[in-house]
Amino acid sequence: MDGRSRIGHTYPPGEGPVPARRKNSLGQTARDIFLGPVRDRGPTERKGNDMKRTLTYLVAAASLAAAVPALAQGDAAEGENVFKKCKACHMVGDDAKNRVGPVLNGVVGRPFGMVEDFKYSKNLLELAEGGAVWDEETLTAYLAKPKAVIPKGKMSFAGLKDDEDIQNVIAYLESFQ
Ligand code: HEC
């Protein structure tokens, strides 16, 4: 993990693909494990320290990401409830068919725009050609605000306001492979 997103931003430490608040099974975040309490040694040391902290954090985030299976933090059962908001347009499961939106079976971890017979927006297909993938990061951004990821896309959905709802619905989608 190099701190860069697939949609081109460099995130400040703690806001990147591995959220600082992601916890391991002991309830510790990467910051808790690797940095301990944040100490400030005064203005002269601060600059070097910040750099060191940033590097340590990136290493910590990378090792935590390796230790925790991707997307494990959401609750699929809760996500089923959240998915009610998507059902006006999307189906999942064995007999799922395209509706206003494409079938979402197997979408987690897959490149954009892979459902055959669904007429995607031009904008989504352009991003697909550029190699965009529905990983945790792009899905999180898209479900919070679809236009932020696909400005001229055709998913007319305002977005989910609650981060937890987003993680939960991703976990729910992940259960349909
Ligand atoms: C008003 C209808 C509507 C609602 C509600 C809606 N979507 Fe969509 N969704 C679409 C359409 C239409 C597309 C195709 C977008 C495009 O081509 O730009 C889409 C595309 C997607 C994609 C990309 C699929 C692919 O194969 O690339 C995902 C993922 C997705 N929606 C998830 C969701 C989730 C999760 C929800 C609920 C939180 C939701 N959508 C709510 C209509 C909707």
Note, the range 144-160: 3J(HN,Hα) by Karplus (6.51, -1.76, 1.60, θ = phi - 60°), whole Hz, Gly/Pro = x, goes 6, 7, x, 5, 5, 9, 10, x, 10, x, 10, 7, 8, 9, 5, x, 8
tail above 24 Å in the computed P(r) of the range 80-177, as % of all Cα-Cα pairs, reads 11 percent
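Want the number for A148 to V133: 0.36 nm per residue separation, take away the alpha-carbon distance, what's left?
Details: separation 15, 0.36 × 15 = 5.40 nm, distance 1.52 nm.
Using 0.36 nm per residue and subtracting the Cα-Cα distance, I get 3.9 nm.
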Built amide H within the under 5 Å cut-off of V133, gap 5+: F112
How much net charge surrounds K84 when only the other residues with a Cβ under 12 Å from the Cβ of K84 are counted, with Lys and Arg +1 and Asp and Glu -1? -1
Environment charge of G93, counting only residues whose C-beta is closer than 12 Å and scoring Lys/Arg +1, Asp/Glu -1: -1
Run down the lysines and flag those whose C-alpha is under 26 Å from the C-alpha of K119, throwing out any fewer than 8 positions away in its chain. K84, K85, K87, K97, K145, K147, K152, K154
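Rule-based calculations on the coordinates, nothing more; no lab input. Keep in mind it's a predicted model, so treat the numbers as computed, not measured. Counting neighbours? That spans all protein chains shown, and the Cβs are built from the backbone with ideal geometry, glycine included.
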